[in-house]
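Enquirer: Supplied in C-alpha cells, the structure appears directly below.
The values are calculated or read from the model by the stated rules, or taken from the named source; none is laboratory data. Keep in mind that this is a model prediction, so the values were computed, not measured. No Cβ is skipped: glycine too gets one built from the backbone with ideal geometry, and neighbour counts run over all protein chains shown. To get the accessible areas, we keep the full protein, side chains included, count just its heavy atoms, and leave off ligands, DNA and RNA. Shrake-Rupley method; radii C 1.70, N 1.55, O 1.52, S 1.80 Å.
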Amino acid sequence: MKTWAEVRPKIYTADEIRESDLRVAIIGELIKARNEKNISQRELEQLSGVKQPVISRMEAGETSPQLDTVLRVLAPLGKTLYVGDLQMAKSV
C-alpha cells in the first residue's frame, strides 16, 4: 500500500501541491487564531460580516475563498496576510 506522500505527486503538479499547502497553512492559522481568542464561528460572523456557513466551509477546506473574504475574517482576529519570499516561508 502506498502512502499519500507517495501518491500525491503523481496526481497533482508541484504548483498545485504548493498552492494547496499554502491554503491549508492560511486556514490553519485562521482556525488557531479563532480558537486562541475563544471566538465561535457565529461570533466571528458578527465581527467580520462573513456568514457562519462560509466560515465553516473555509475551515473545513470545502471552498477556496476569495482574498477579500479571508482578509475580512482575519481582521477581527488581529491577523493579516504577509507577502514574502517563498524561500523564507519554507524555512519557517
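Enquirer: Lysines near LYS51 by alpha-carbon distance under 22 Å, same-chain residues fewer than 8 away left out - which ones?
Expert: Qualifying lysines at Cα under 22 Å: LYS32, LYS37, LYS79.
Enquirer: Also: Pick the calculated P(r) over Cα pairs in 5 Å bins from 0, in percent for this structure from (1) 2, 12, 21, 22, 16, 11, 10, 5, 1, 0; (2) 3, 15, 22, 23, 19, 12, 5, 1, 0; (3) 3, 16, 29, 27, 18, 7, 1?
Expert: Identified label for the calculated read-out: (1).
Enquirer: With r defined as the distance between the Cβ atoms of LEU47 and LEU81 and R0 fixed at 22 Å, what FRET efficiency is calculated, to the nearest 0.05?
Expert: The pair LEU47/LEU81 has a calculated efficiency of 0.80.
Enquirer: With a 1.4 Å probe and every protein chain left in place, work out the accessible area per residue of the chain in Å², rounded to a whole number.
Expert: 76
Enquirer: Once the piece of chain linking SER56 and VAL7 is laid out straight, how much longer is it, given 0.36 nm per residue of separation minus the C-alpha distance between them?
Expert: Fully extending the segment from SER56 to VAL7 adds 14.8 nm.
Enquirer: Provide the per-residue ³J(HN,Hα) series for region 35-49, in order, calculated from phi with Karplus coefficients 6.51, -1.76, 1.60 and θ = phi - 60°, each as a whole number of Hz, with x at glycine and proline positions.
Expert: Running phi through 6.51 cos²θ - 1.76 cosθ + 1.60 with θ = phi - 60° gives 5, 4, 8, 6, 10, 6, 4, 5, 5, 5, 4, 5, 6, 9, x Hz.
Enquirer: May I ask you to give the percent of accessible area on the chain that is carbon plus sulfur, with a probe radius of 1.4 Å?
Expert: Using a 1.4 Å probe with all protein chains present, the chain comes out at 55 percent carbon and sulfur.
Enquirer: Calculate the spin-label point distance for ASP68 paired with ILE31, positioning each point 7 Å from the Cα along the beta-carbon direction, and give it in nanometres.
Expert: Inter-label distance under the simple model: 2.7 nm.
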